[in-house]
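Following: one structure in structure tokens, then a few remarks.
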Amino acid sequence: MNCKDIMSKNLEVLSEKDSIARAAALMADAGIGFLPVCDKHWKAIGVVTDRDLVTRALAKGVDTTSTSAALVMSSPALTIRLDADLRLAEELMAAERKSRLVVTNADGTVAGVISIADIIEHAPGREGLKTIKAVLWREALGPRGGAAPGARLLKDQGAGPQLPAADLPHTRDSVFAGGHRDVGTKEFPS
């Protein structure tokens with residue numbers, strides 16, 4: 001299976017001149033948190049995530065209407081060609097601990113996006129689980145991973161603790177389907 005077989009082709013993009021406010025409005029309208037930033041030739045020069053908007057713009061008090069989204073983007077964009085094998089996309093996501101890849105045509109122009117949700121839905125067997133664990137391990141602990149100043153950072157460590165097969169939800173002896181199951185959660189009044 002190739003990247004083109006599962007990528008999202010219905011995507012929104014930003015130009016390098018679009019403002020932070022436009023990026024936020026596009027994300028809100030489309031219900032997404034990731035936008036490729038393209039040059040005038042439709043080649044990805046970076047990406048803007050909802051996290052980029054919060055940590056690099058809003059938290060710093062940047063004027064969102066006059067500041068280019070390109071100033072807060074993550075760069076370079078992590079890309080993969082549309083004819084690349086899905087396993088390569090999984091390996092790239094796991095190695096870089098990123099939950100989305102920009103998919104490009106042979107000429108480098110943006111063709112689509114592959115997300116971790118696409119991997120979950122289409123990856124064969126347990127391969128998707130390995131990718132998810134590698135990507136989410138970084139997000140679970142944050143960029144410092146609980147490390148003290150001067151200690152090794154999470155990004156410098158492996159993909160996280162390996163769970164024994166017995167600890168994976170789908171390998172336990174019991175299965176629950178439908179009905180009500182009390183799992184100790186609280187419901188808050190609306």
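Nothing in this text is a laboratory measurement; each read-out follows from the coordinates by a stated rule. Source: prediction; values computed, not measured.
Extension gain for the segment E96 to D63, taken as residue separation times 0.36 nm less the Cα-Cα distance, is 8.8 nm to one decimal.
Full extension of the segment from H41 to K17, taken as 0.36 nm per residue of separation minus the current Cα-Cα distance, would add 7.3 nm.
Within region 1-137, antiparallel bridges make up roughly 75 percent of the DSSP beta bridges whose residues both belong there. Distance from the C-alpha centroid of region 102-122 to that of region 10-38: 16 Å, rounded to the whole angstrom.
Given their separation in residues at 0.36 nm each and the Cα-Cα distance between them, S74 and V54 gain 5.9 nm when the chain is fully extended. With 5 Å bins beginning at zero, the pair-distance distribution over Cα atoms of region 3-129 amounts to 2, 12, 22, 22, 18, 13, 7, 3, 1, 0 %.
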